[in-house]
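> Please see the structure below; I have some questions.
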Amino acid sequence: MSLLARLLGQTRDDRDAARPLWHRVVEIAREKEWYATCGVADSVPGRFDMITLVLSLVLLRMEREEALIQPSVWLTELFVDDMDGQLRESGVGDLVVGKHIGKLMGTLGGRLGAYREGLEAGEEVFAAALARNKRTTLVGEPTAGLAAVQRLVKLPEGHGLWMTYARYLKADDQPLHEQGLMPDDPVDIPVTPFDAPAPAPNAVDPLLSHAVKAFEIWKGK
């Protein structure tokens, strides 16, 4: 609730509608598996990274629907309030707390931009964005390495040239295009001939089956 609202004696806070969702974001970000088995540092920066990761994915989902735009604003405000309170509790004074909040919002905005771009560009780019932030285990085969932004330049006599004017980078700062991503957990997927009959409805997907098994092992640790 804003300071003006409190001064006027107003007790209703519109953000209360988004508060359960914010609490759930925090609960997911604090699940012990992230820190015990997934390599996330159990520290203030590590916990903040997880909160921004989970919150980014939630906000990206909410921005798809007009009815959820305002609740997403409330959710972001709750994030700011929570971070503000934690900074003050840790001893950050009034004169510099705003600067710290600005940096935290910049980090959240950077995550949102990277994940939004990755989702729009396709699975390979999104996987690269998650890998760059060390927030995923890639299961399967090497990707095709087709992630680049290109446009057709028309030349005389009906000729043309595809020009690459933007490249996505992997975690090692090497271009994703023409190199692809190497899986952390490789799976050999059988080659299916082009004229092979369609698989039965109950056929086992070897990649999905392996991923589910790896997830169950991870959850059981």
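> Filter the range 165-218 down to the residues that are over 30 Å from Val153 (Cβ atoms) and of a type in the set (S, T, N, Q) and list them by number.
Answer for the range 165-218, where residues must be over 30 Å from Val153 (Cβ atoms) and of a type in the set (S, T, N, Q): Thr192, Asn202, Ser209.
> Can you go through Glu65, Glu77 and tell me which one is of a type in the set (Asp, Glu) and either without any contact (Cβ under 8 Å) to a residue 12 or more places away in the chain or surrounded by fewer than 15 Cβ atoms within 10 Å (Cβ to Cβ) (or both)?
Of Glu65, Glu77, the one residue that is of a type in the set (Asp, Glu) and either without any contact (Cβ under 8 Å) to a residue 12 or more places away in the chain or surrounded by fewer than 15 Cβ atoms within 10 Å (Cβ to Cβ) (or both) is Glu65.
> Considering only the range 1-91, give the helices (runs of 4 or more DSSP H) lying wholly within it that have at least 1 residues that are modelled with pLDDT of 80 or more, under 20 Å from Lys103 (Cβ atoms) and in contact with a Ser or Thr (Cβ under 8 Å, 6 or more places away or on another chain).
Result: 44-62.
> Here is a list: Lys99, Lys103. Which entry is without any contact (Cβ under 8 Å) to a residue 40 or more places away in the chain, more than 26 Å from Leu138 (Cβ to Cβ) and over 21 Å from the mean Cα position of the chain (by Cα)?
From the options Lys99, Lys103, the qualifying one is Lys99.
> Under 8 Å by Cβ, and 6 or more places apart or on different chains, what pairs join a residue from the range 175-193 that is over 15 Å from Thr137 (Cα atoms) with one that is surrounded by 14 or more Cβ atoms within 10 Å (Cβ to Cβ) and aromatic (Phe, Trp, Tyr)?
Matching pairs, first to second residue: Pro175/Tyr168; Leu176/Tyr168; His177/Tyr168.
> What number of residues in the range 204-221 are at pLDDT 70 or above and closer than 25 Å to Glu124 by Cβ?
Residues flagged as at pLDDT 70 or above and closer than 25 Å to Glu124 by Cβ within the range 204-221 amount to 12.
> If you check Thr136, Thr143, which single one turns out to be of a type in the set (Val, Ile, Thr) and either part of a helix (DSSP H, G or I) or at pLDDT 75 or above (or both)?
Thr143
> Another question, then. Please determine whether any residue of the range 176-190 is at positive phi and either at pLDDT below 75 or surrounded by 10 or more Cβ atoms within 10 Å (Cβ to Cβ) (or both).
Within the range 176-190 (the criterion being at positive phi and either at pLDDT below 75 or surrounded by 10 or more Cβ atoms within 10 Å (Cβ to Cβ) (or both)), the answer is yes, since at least one residue qualifies.
> Does any residue in the range 23-39 that is in the same structural domain as Asp81 (by TED's automatic domain parsing) come within less than 6 Å, Cβ to Cβ, of a residue that is buried (at least 16 other Cβ atoms within 10 Å of the Cβ) and not β-branched (Val, Ile, Thr) six or more places away or on a different chain, and which pairs are these?
Val25/Leu55; Ala29/Met50; Trp34/Met50
> Check Lys99 against each of (1) touching a helix residue (DSSP H, G or I) at 6+ places or on another chain (Cβ under 9 Å); (2) loosely packed, with under 15 Cβ neighbours inside 10 Å and name the one condition it does not meet.
Answer for Lys99: the failing condition is (1).
The values are calculated or read from the model by the stated rules, or taken from the named source; none is laboratory data. Note that this is a predicted model, so its numbers are computed, not measured. Neighbour counts run over all protein chains shown; Cβ positions are idealised from the backbone, glycine included.
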